[in-house]
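Working notes, structure below.
Just so it is clear, none of the values below were taken in a lab; they were calculated from the coordinates. Only a predicted model underlies this, so the values are computations on that prediction, with no experimental measurement involved. No Cβ is skipped: glycine too gets one built from the backbone with ideal geometry, and neighbour counts run over all protein chains shown.
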């Protein structure tokens, strides 16, 4: 039975993936390395900031100690917040979809690899914060997507703050990447993919693939959880 919808954030709620890409490259520039746009979408988009920097260190292209990563994340967050205030925007159809869920008493959460400050900034500016009962961000998990830890934590938090009890199969995840699809499925949840970041054929492991939230009805959500 449908009881909750759990959203990814970047690429689902807000059109901010390109801002993250630009911010990463500004942070990496002093180290003589730049991520191509193609490689970012192919290899890095679904990773948390920590996992992305750690991966670059592991492959030898970012020649710093892992202990320095926290400083890079702080710098990246500072740059991102400046960009988000001027260029961050909510994807069309998000507000109407959230209103539909709330009017039908469907509980709403976010599970994202973004930092909480980034999420709160954009939700606050767009007046959407009150829709979300639970937010799980990069700081809340030890393993990011495609591990299911974030989605399982979101479910745990939903069950701590309300009733009736929600099982994984009562949740629909809305994601824009194969990392997120895999994580949602490992958490035992149903997954709808939205083609804001990747083509439909790259998201085919989801139960349903759409080009926008306006293509998803309450009946579609209920059918997945039936």
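List of remarks:
- Length gained on full extension, residue 82 to residue 18: 21.7 nm, using 0.36 nm per residue less the C-alpha separation.
- Residue order, fewest to most surrounding Cβ atoms within 10 angstrom, among 42, 157: 42, 157
- Nitroxide proxy distance, nm - points 7 Å out along Cα→Cβ at residue 66 and residue 103: 5.0
- For region 17-87, diffusion coefficient by Stokes-Einstein and Kirkwood Rh (Cα), 37 °C, 0.692 mPa s, µm²/s: 267
- Helix axis angle, 69-87 relative to the chain longest principal axis, alpha carbon, degrees: 60
- Peptide ranges 182-191, 78-87 listed from the most packed, as the mean C-beta count within 10 angstrom indicates: 182-191, 78-87
- Computed over region 17-87: relative contact order in percent, which uses C-alpha pairs under 8 Å that are six or more apart: 38
- Fully extended contour minus Cα-Cα distance, from residue 129 to residue 57, at 0.36 nm per residue: 22.4 nm
- For residue 37 and residue 96, the FRET efficiency from 1/(1 + (r/R0)^6), where r spans their Cβ atoms and R0 equals 35 Å, is about 0.70.
- The simple spin-label model puts a point 7 Å past each Cα toward its Cβ; for residue 26 and residue 117 those points are separated by 1.4 nm.
- Rounded tilt (10° steps) of 49-58 against the dominant C-alpha axis of the chain: 40
- For the peptides 119-128, 165-174, 215-224, the ranking by mean Cβ contacts within 10 Å, running from highest to lowest, is 165-174, 119-128, 215-224.
- Diffusion constant of region 1-132 at 20 °C, which comes from Stokes-Einstein with the Kirkwood Cα-pair radius and 1.002 mPa s, µm²/s: 134
- Between 0 and 90°, nearest 10: helix 17-28 axis offset from the chain longest Cα axis: 20
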